[in-house]
Every structure is written in structure tokens, then in C-alpha cells.
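This is the structure, below, for whatever I ask next.
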Amino acid sequence: MDIIVLRPGATASELRYIVKKLKGRGFDATISKGTERTVIGVIGDTSNITEDEGNAFASMPGVEKVHRITQPFKLASRDFKSKDTIIRVGKNTIGGKKIHVIAGPCAVENLPTLLKIAQSVKKAGATFIRGGAFKPRTSPYSFQGLGEEGLKFLAEVREKTGMPVITEIMDPRDMDVILKYADIIQIGARNMQNFRLLREVGSHNKPIFLKRGLSATVKDLLMAAEYIMAQGNNKVILCERGIRTFETATRNTLDLSAVPVLKHLSHLPVIVDPSHGAGQWRLVSPMAKAAIAAGADGLMIEVHSNPEEALSDGEQSLKPEKFNVLMRELRVIAKAVGRKI
Ligand code: PEP
Ligand code: MN
């Protein structure tokens with residue numbers, strides 16, 4: 001049931017008009033008249049009232065506010081599916097008791113470096129290797145990634161280490177080549193509302209790692225997940241990676257409250273990326289620990305064997321030794337919140 005609150009002083013004919021519109025749409029209305037204002041309860045399955053229709057009611061004369069009870073996202077919503085979604089990738093399951101740590105360089109640079117990083121993060125307990133072959137760089141003059149050559153290096157590293165690969169897609173035209181090499185496809189923050197791209201990845205059945213946009217609300221993120229799921233792909237992993245705020249002390253503001261909010265609103269797994277969230281290697285470990293304490297199902301962390309020489313995001317990359325220490329500390333926190341790494 002949705003609720004329509006009328007303005008104080010709304011007229012009887014305004015009320016009649018709204019009720020007529022509701023009836024015409026197949027709903028019943030209960031009217032409760034208070035001393036100050038009148039409230040209309042809309043009876044029936046209001047989940048099929050679109051957002052635009054809801055807005056149309058909100059702008060009718062006499063209306064102060066419309067309270068929607070059902071969320072505009074359905075497939076992604078906990079109302080639709082109460083049990084946590086568990087996503088299987090090879091022998092790994094994301095969203096269950098086990099916490100997964102995805103680690104690796106920001107960008108794939110060359111095979112020996114990638115392999116060295118992968119071996120070290122695997123030894124420390126990471127379960128997925130990350131690395132961008134198509135990089136969304138702010139400047140067109142910055143390193144843009146190795147393209148398919150980078151994907152081949154990722155596949156070779158998977159072969160040698162057994163770690164599944166997560167990598168970003170930026171353009172629907174790269175779908176075939178990405179499908180050939182990736183185990184999980186990342187949609188980056190800058191593409192979270194690239195609806196053509198969302199629909200494209202939704203029409204395949206590879207798991208999708210969907211990063212929250214720089215200025216996206218939790219609802220925007222869940223609506224983006226809905227785009228993917230509406231195409232038939234339910235394997236969506238949500239990622240909080242920081243949002244833009246007025247704060248300049250950190251690269252972004254890592255919104256850790258989004259973790260319990262998302263877990264409440266949705267059944268999808270939630271992973272936190274403290275590297276992009278904070279933007280400085282010193283802040284990565286404390287925020288990673290806080291994320292696990294807040295209930296995240298995993299982490300994505302940038303690691304580089306030589307951050308000073310990294311072609312992108314070196315300043316926020318952990319050295320393998322620091323990553324190893326973090327993994328040990330995370331085990332204690334995971335245990336305290338009933339999870340394991
Ligand atoms: C990345 O993972 O390297 C990346 C570019 O992330 P984001 O889209 O969150 O900025
Ligand atoms: Mn990066």
C-alpha cells in the first residue's frame with residue numbers, strides 16, 4: 001500500500017480527482033481525514049506503479065507527498081528474495097560465510113610483474129586476482145591499459161596460480177574479448193549508469209562486479225543492479241568504492257554505512273574497495289578492517305610490488321608485505337563477526 005498525503009486545505013474536488021485517478025488505475029482508496037490534513041491509502045498491488053506514475057500523483061493539485069512503500073528495484077530487493085544470494089565462481093562462493101579478498105594491481109602492466117604480485121597475494125590468502133586491461137583514466141594522456149594483451153596475461157596468471165580473474169569492461173564492443181578471459185566482469189564507477197553496457201553484461205551469465213558511481217546514491221546503485229538482473233543475469237556483486245563529497249583529505253569518502261544499508265535492502269553480496277575509497281595506501285588497512293567489521297562479504301585491494309613505479313594508482317597500492325600483515329589482522333576481525341577468510 002502506498003500513501004498519498006494531501007496539503008492542508010486541499011479541496012474536496014482535488015480529493016475526488018485523485019481518488020478517480022486511482023480507481024481508474026484499478027486501485028481502491030481509503031480516506032482518513034485528520035484535523036489538519038487528509039491521507040489517502042492506496043489499496044492494491046502498488047508495486048506496478050512506475051516511478052513516473054508515482055511522480056505524476058505527487059504533482060497533482062492538492063498533493064503534498066507520496067510515500068512509496070515498495071522499492072523501485074524489485075529483483076535486487078530483499079523483499080523479493082529474502083535469502084542472501086551466493087554467487088559461485090569456479091570453486092569459490094561469494095556471499096556466504098567466507099570472506100573473499102580480491103587483490104592485484106590497478107592495471108595489468110606486464111606479465112612478470114602481474115605474476116609476482118599474484119603469487120604474493122595468493123600466498124597471503126587472496127582468492128581472486130584483479131587487474132585492468134581497459135582503464136578508465138581521467139586524462140586521455142595517461143596509461144590506458146594493454147587491451148587484449150593484458151587479458152592474455154591475466155589468463156596466463158590464472159593458469160599458473162589457479163586464481164580466477166576479475167577485470168573491467170568499458171565498452172560493449174569489447175564484450176566477446178572480455179568473456180573469453182574474465183571470470184568476473186567489473187563495471188567501473190564511471191560506467192555504473194552506462195545503461196547500454198549494463199544491459200549488455202546482463203544478457204550473459206558471467207558474474208558482474210558492479211561498482212558504485214562517484215555520485216550515485218544507494219538507490220542508484222541498486223537500480224543499476226536491477227538493469228543487469230532485468231536482462232536475466234542475477235549474478236551481481238555490489239561494490240562500495242567511495243563517493244565524492246566536499247572532503248579533500250581523502251580521494252573519495254568511503255561510505256561504510258552503505259554496507260549495512262545495502263545488506264538490509266538487497267540480498268546481493270557487498271564488497272568494499274578501500275583502495276579507491278581512501279586513495280592513500282596508509283588508509284587502506286584501517287578501512288579494510290572497518291569494512292569487514294561492518295559486514296562486507298569481501299574486499300577489493302590494490303597491491304603492487306613496486307608502487308612508486310606503478311603505471312596507475314601507485315599511491316593507493318599496498319606492497320605485498322603490508323598486504324600480508326593486513327590479511328593476518330583481517331582474520332581476527334572476520335572471526336569476531338562470525339566469518340572466515
Ligand atoms: C579500478 O578498479 O581500478 C577502478 C578504476 O575503479 P573505480 O571504477 O571504482 O574507480
Ligand atoms: Mn585503480
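The values are calculated or read from the model by the stated rules, or taken from the named source; none is laboratory data. What you see is a predicted model; the values in this text were computed from it and never measured. So basically every Cβ, Gly included, is an ideal-geometry build from the backbone, and we count neighbours across all protein chains shown. Surface accessibility is based on the protein's heavy atoms, side chains included, excluding ligands, DNA and RNA. Shrake-Rupley method; radii C 1.70, N 1.55, O 1.52, S 1.80 Å.
Report the semi-axes of the equivalent ellipsoid for the chain in whole Å, largest first, where each axis is √(5λ) for an eigenvalue λ of the Cα gyration tensor.
Working: eigenvalues 387, 82, 67 Å².
For the chain, the semi-axes come out at 44, 20, 18 Å.
Counting only GluC sites (Glu not before Pro) that are in a DSSP loop and have at most 16 other C-beta atoms within 10 Å, tell me the longest site-free stretch of the chain.
Working: sites that count: GLU36, GLU247.
For GluC sites (Glu not before Pro) (loop position, at most 16 other Cβ atoms within 10 Å), the longest site-free span of the chain is 37-246.
Then there's this: Take LYS98 and SER215, extend 7 Å from each Cα along the Cα→Cβ direction, and tell me the distance between the two endpoints in nm.
Modelled inter-label distance: 4.1 nm.
Which residue, LYS122, LYS160, LYS20, tops the fluctuation ranking in a GNM of the chain built on C-alpha contacts under 10 Å?
Of LYS122, LYS160, LYS20, the Gaussian network model singles out LYS20 as fluctuating most.
Related question: Just name one of ALA76, GLY104, PHE128: the one whose Cα is farthest towards the positive end of the charge dipole of the range 57-147 (beta-carbon charges, Lys/Arg +1, Asp/Glu -1).
Selected residue: PHE128.
Follow-up. Out of PHE246, ASN234, LEU283, whose Cα points farthest toward the positive end of the dipole of the chain (charges: +1 Lys, Arg; -1 Asp, Glu; placed on Cβ)?
The Cα lying farthest towards the positive end belongs to ASN234.
Using +1 at the C-beta of Lys and Arg and -1 at the C-beta of Asp and Glu, which of PRO274, GLY54, VAL332 has the Cα lying farthest in the positive direction of the dipole of the chain?
After comparing all options, I get VAL332.
Where the centroid of each part is defined by its Cα atoms, how far is the range 62-116 from the range 125-171 in Å?
Answer, in whole Å: 19.
What residue among PRO140, PRO320, PRO307 has the largest mean-square fluctuation in a Gaussian network model of the chain, using Cα springs under 10 Å?
Result for the chain, Cα springs under 10 Å: PRO140 fluctuates most.
I want to verify a result. In a Gaussian network model of the chain, Cα cutoff 10 Å, which of these has the top mean-square fluctuation: MET192, MET60, MET175?
Of the options given, MET60 has the highest mean-square fluctuation.
Excluding ligands, DNA and RNA, what is the solvent-accessible area per residue of the range 123-258 at a probe of 1.4 Å, expressed in Å²?
43
Also: Counting each DSSP H run of 4 or more residues in the chain as -39500 (n - 2.57), what helix-only mean residue ellipticity at 222 nm follows after dividing by all residues, to the nearest 500 deg cm²/dmol?
-10500 deg cm²/dmol
Let me ask something additional. Taking the chain as the reference, fit the longest principal axis to its C-alpha atoms, fit the long axis of helix 148-161 to the helix C-alpha atoms, and give the angle between the two in degrees, 0 to 90, nearest 10.
Long axis of 148-161 versus the principal axis of the chain: about 70 degrees.
Over the chain, what is the relative contact order in percent, taking alpha-carbon pairs closer than 8 angstrom and at least six residues apart?
Working: 715 pairs, mean separation 52.8, N = 341.
Rounded, it is 15 percent for the chain.
If the only charges are +1 at each Lys and Arg Cβ and -1 at each Asp and Glu Cβ, what is the size of the charge dipole of the chain around the Cα centre, to the nearest 20 debye? Walk me through the numbers on the way to the answer.
Values: 50 positive and 36 negative charges, 205 e Å.
That gives a dipole near 980 debye.
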